[in-house]
Amino acid sequence: MRDVTLGVAEPGSGAALYDLMTSDETWTRFNGPDFGYQRPSLNEFLEGRFKRLLAGYDAQIIFLEGRPVGEVSFCWECEATRWLEAGIVIYDSSVWGKGIGVRALSLWITNLFDRFDVERIGLTTWSGNPGMMACAEKLGFSLEGRLRKVRYYQGEYYDSVRYGVLRSEWSQVDTSWLASSEPFTSDRSERELRETVQRMERRLGEAFAKKSQGFFDCYREMAGRFERDLGRNSRDVWLAKASALMLLQSLRGNEQA
């Protein structure tokens, strides 16, 4: 297993972390893009987010074998009622689909339950991010709500998807599988992953049929290879398709930008 740890930023590492966040901005296509993203200046980053990463209270860096690749965070939806929401982003898209986010989020959820007297930790994403949905499902989060067609982005409507896990549930989650390279599976996570990939295939197929059909033809060719190499209905093939569709969605966003 590749070593994944969490930690605070080192003093003097601000410029390197800023470069990590801004040199590969593919992540902005999936991290709530309908809310809008504006790249901060280096000084804005150093005076804002970097100070939070130095403190490590509500945001920490994800290290992969000692190298920063992303961050975890939390915010209070309502501190008075102990309603806490967790978040994660992997800035380095070259390590997507390798289980890094699942391992990092597992460490973070344990950290938050250890530090705060809360009974539930939430995680909110959108239906345009199947990787995040699969991550939540893998870790035993319950799908608590789906607000249909409330996120509008690049001419398409998406669902807002809310997950949550209770302290009592987290204490029963078996995370021993994270110590191996073998993937965790469950009927629910398998079904959710398949349905999300199928929805994305339909939506992007229709979108690319109007323009740049070659991109989607390339995806179909890759999907065929995935099925031949990994097994037509294996979990690995659905994860591979999800990663390819996320990149395809990013290409479409670049075309429209």
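Among what's in the range 68-86 and is touching a helix residue (DSSP H, G or I) at 6+ places or on another chain (Cβ under 9 Å) and of a type outside the set (D, E), pick the residue that is farthest from R49 (Cα to Cα). Applying the filter and picking the extreme gives L84.
Tell me, which residue of the range 107-143 that is touching a strand residue (DSSP E or B) at 6+ places or on another chain (Cβ under 9 Å) and hydroxyl-bearing (S, T, Y) is farthest from E195 (Cα to Cα)? Ranking the qualifying residues of the range 107-143, first place goes to T124. Among D114, D92, which is without any contact (Cβ under 8 Å) to a residue 60 or more places away in the chain and among the acidic types (D, E)? Testing whether each residue is without any contact (Cβ under 8 Å) to a residue 60 or more places away in the chain and among the acidic types (D, E) leaves just D114.
For the range 41-65, the tally of residues that are farther than 17 Å from W108 by Cβ and at pLDDT 95 or above stands at 11. Any residue that is among the aromatic types (F, W, Y), part of a helix (DSSP H, G or I) and modelled with pLDDT under 80 - is there at least one of those in the range 194-212? Yes, the conditions are met somewhere in the range 194-212. Just one of the numbered conditions (1) assigned to a helix (DSSP H, G or I); (2) among the small types (G, A, S); (3) surrounded by 21 or more Cβ atoms within 10 Å (Cβ to Cβ) is not true of G128: (1).
Looking only at the range 12-40, which residues are of a type in the set (G, A, S) and surrounded by 14 or more Cβ atoms within 10 Å (Cβ to Cβ)?
Of the range 12-40, the ones of a type in the set (G, A, S) are 12-16, 23, 32, 36.
If the condition is that a residue be of a type in the set (G, A, S) and surrounded by 14 or more Cβ atoms within 10 Å (Cβ to Cβ), then S13, G14, G32 are the ones that fit.
Considering each of L42, L20, L46 in turn, give the residue that is touching a Gly at 6+ places or on another chain (Cβ under 7 Å) and more than 22 Å from K138 (Cβ to Cβ).
Values: L42 fails: touching a Gly at 6+ places or on another chain (Cβ under 7 Å); L20 fails: touching a Gly at 6+ places or on another chain (Cβ under 7 Å).
Exactly one of L42, L20, L46 is touching a Gly at 6+ places or on another chain (Cβ under 7 Å) and more than 22 Å from K138 (Cβ to Cβ), namely L46.
Of W83, W108, W76, W96, which residue is at pLDDT below 95 and closer than 21 Å to V161 by Cβ? Write out each step before concluding.
Working: W83 fails: at pLDDT below 95; W108 fails: at pLDDT below 95; W76 fails: at pLDDT below 95.
After ruling out the rest, the residue left standing is W96.
Every residue in the range 70-94 that is surrounded by fewer than 18 Cβ atoms within 10 Å (Cβ to Cβ) and outside any strand (DSSP E or B), please. Selection gives E79, A80, T81, R82, S94. Out of curiosity, is V161 touching a residue at least 60 places away in the same chain (Cβ under 8 Å), part of a strand (DSSP E or B), in the same structural domain as T22 (by TED's automatic domain parsing) and among the aliphatic types (A, V, I, L, M)? Spelling it out, it is not the case that V161 is touching a residue at least 60 places away in the same chain (Cβ under 8 Å), part of a strand (DSSP E or B), in the same structural domain as T22 (by TED's automatic domain parsing) and among the aliphatic types (A, V, I, L, M). Taking the numbered list (1) in the same structural domain as W126 (by TED's automatic domain parsing); (2) outside any loop (DSSP other than H, G, I, E, B); (3) modelled with pLDDT under 80 in turn, D174 passes all entries but (2).
The values are calculated or read from the model by the stated rules, or taken from the named source; none is laboratory data. Here the structure is a predicted model, which is why all the values come from computation and not from measurement. So basically every Cβ, Gly included, is an ideal-geometry build from the backbone, and we count neighbours across all protein chains shown.
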